[in-house]
Amino acid sequence: MALQNKLATTDRLSKWNIPCDQTCSLCGNADETSQHLFFECVYAADIWAQVCQKSHTPSTIGDFARQKRVAITKAHGRSRSARIYIKCITETLYAVWKQRNNKIFTGSCVPVQQVVKDVLFNVACSCSDQDRMYLLR
Ligand SMILES: [Zn+2]
């Protein structure tokens with residue numbers, strides 16, 4: 001849903017005439033769009049950089065259109081790297097969305113290092129033993 005721009009980001013809420021502050025809750029530096037929240041925001045970009053580095057996944061940080069194309073291509077792939085890439089992107093998108101909601105509704109979010117650990121833990125838990133060895137190499 002994040003890649004399809006279907007989540008209720010504040011730019012979409014505003015288009016639906018729902019009054020809200022459109023500023024990104026994670027960085028406060030830009031309006032919240034899917035592209036900004038998941039790929040351009042410094043908080044999300046830091047998570048992406050670390051998840052990609054630690055999972056040996058190619059990084060396309062900051063380029064929403066390219067990330068979307070790569071994800072669609074990898075979703076049809078059967079290779080180990082494709083499986084891990086899809087798990088990493090899914091877990092990272094969910095983690096960023098969860099932290100965005102935490103920041104809005106509780107006023108705080110988890111530090112980037114903890115989010116990265118949680119993402120990689122969730123990916124490792126959902127992998128086969130062989131994929132997990134590849135991920136943790
Ligand atoms: Zn931001």
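The values are calculated or read from the model by the stated rules, or taken from the named source; none is laboratory data. Please read all numbers here as calculations on a predicted model, not as lab measurements. Cβ placement follows ideal geometry from the backbone for every residue including glycine, while neighbour counts extend to all protein chains displayed. To get the accessible areas, we keep the full protein, side chains included, count just its heavy atoms, and leave off ligands, DNA and RNA. Shrake-Rupley method; radii C 1.70, N 1.55, O 1.52, S 1.80 Å.
Quote the charge dipole size of the stretch 10-135 about the Cα centre in Debye, to the nearest 20; the model charges only the Cβ of Lys and Arg (+1) and of Asp and Glu (-1).
So the dipole magnitude of the stretch 10-135 works out to roughly 500 debye.
May I ask for the percentage of alpha-carbon pairs in the stretch 88-137 that lie more than 17 Å from each other?
Cα-Cα pairs of the stretch 88-137 separated by over 17 Å account for 39 percent.
In µm²/s, what is D for the chain at 20 °C and 1.002 mPa s, where D = kT/(6 pi eta Rh) by Stokes-Einstein and Rh is the Kirkwood radius from Cα pairs?
139 µm²/s
In a Gaussian network model over the chain where Cα atoms closer than 10 Å are linked, find which of Ala45, Ala82, Ala65 has the largest mean-square fluctuation.
Ala65
Could you work out the relative contact order of the stretch 10-135? I mean the mean sequence separation of Cα pairs under 8 Å and 6+ apart, divided by the number of residues, in percent.
Reported as a whole number, the value is 22 percent.
Keeping the other protein chains in place, figure out the carbon and sulfur percent of the accessible area of the chain, with a 1.4 Å probe.
Summing carbon and sulfur atoms, their accessible area is 54 percent of the total for the chain.
How much area per residue is accessible in the stretch 10-135 when the probe is 1.4 Å and only protein heavy atoms are counted (Å²)?
I get 54 Å² per residue for this part.
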